[in-house]
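Here's the structure, in structure tokens; my notes come after.
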Amino acid sequence: MTGIIKITFCYLEHNNHKIYLDTIIFAPNYRQFPDEAKEDIKYYTSKGLNMYMQLSILEDKYLGIFFLSQDLFLTIQSFKQHNKVDNEAFILLEKLLNNKAQDLN
């Protein structure tokens, strides 16, 4: 056994529709949210809502839009980078330590 896999056949059809390989080139270009949804994402991110909470709210609010979690995640991260939110875990730890110090006083 040499460990080589050889593909001898490829059937490009799925659920009664053809799959076109060119689609993969253009698909990421069309995965954008409307400006109103982006503003909502920006607002929810600034208020500290996590991706899953935002996804639930956005799916209820924008019924005609399909939200992929990875696209939402990337949008949230872009807003966080723009607002210089680098390390949320460190910020939370710092707040907790400050609260603990205040409780001891």
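Show me the helices (runs of 4 or more DSSP H) found entirely inside the range 1-77 where at least 1 residues are of a type outside the set (Gly, Ala, Ser), modelled with pLDDT of 85 or more and exposed (fewer than 10 other Cβ atoms within 10 Å of the Cβ).
Working: elements: 23-26, 35-46, 51-61.
Answer list for the range 1-77: 35-46, 51-61.
Does at least one position in the range 84-93 carry a residue that is among the polar types (S, T, N, Q), under 15 Å from the mean Cα position of the chain (by Cα) and modelled with pLDDT under 85?
Keep residues of the range 84-93 that are among the polar types (S, T, N, Q), which gives 87.
After this cut, where a residue has to be under 15 Å from the mean Cα position of the chain (by Cα) as well, the list is none.
Taking every residue of the range 84-93 in turn, none turns out to be among the polar types (S, T, N, Q), under 15 Å from the mean Cα position of the chain (by Cα) and modelled with pLDDT under 85.
The values are calculated or read from the model by the stated rules, or taken from the named source; none is laboratory data. Only a predicted model underlies this, so the values are computations on that prediction, with no experimental measurement involved. As a convention, Cβ positions derive from the backbone with ideal geometry for all residues, glycine included, and neighbour counts pool all protein chains shown.
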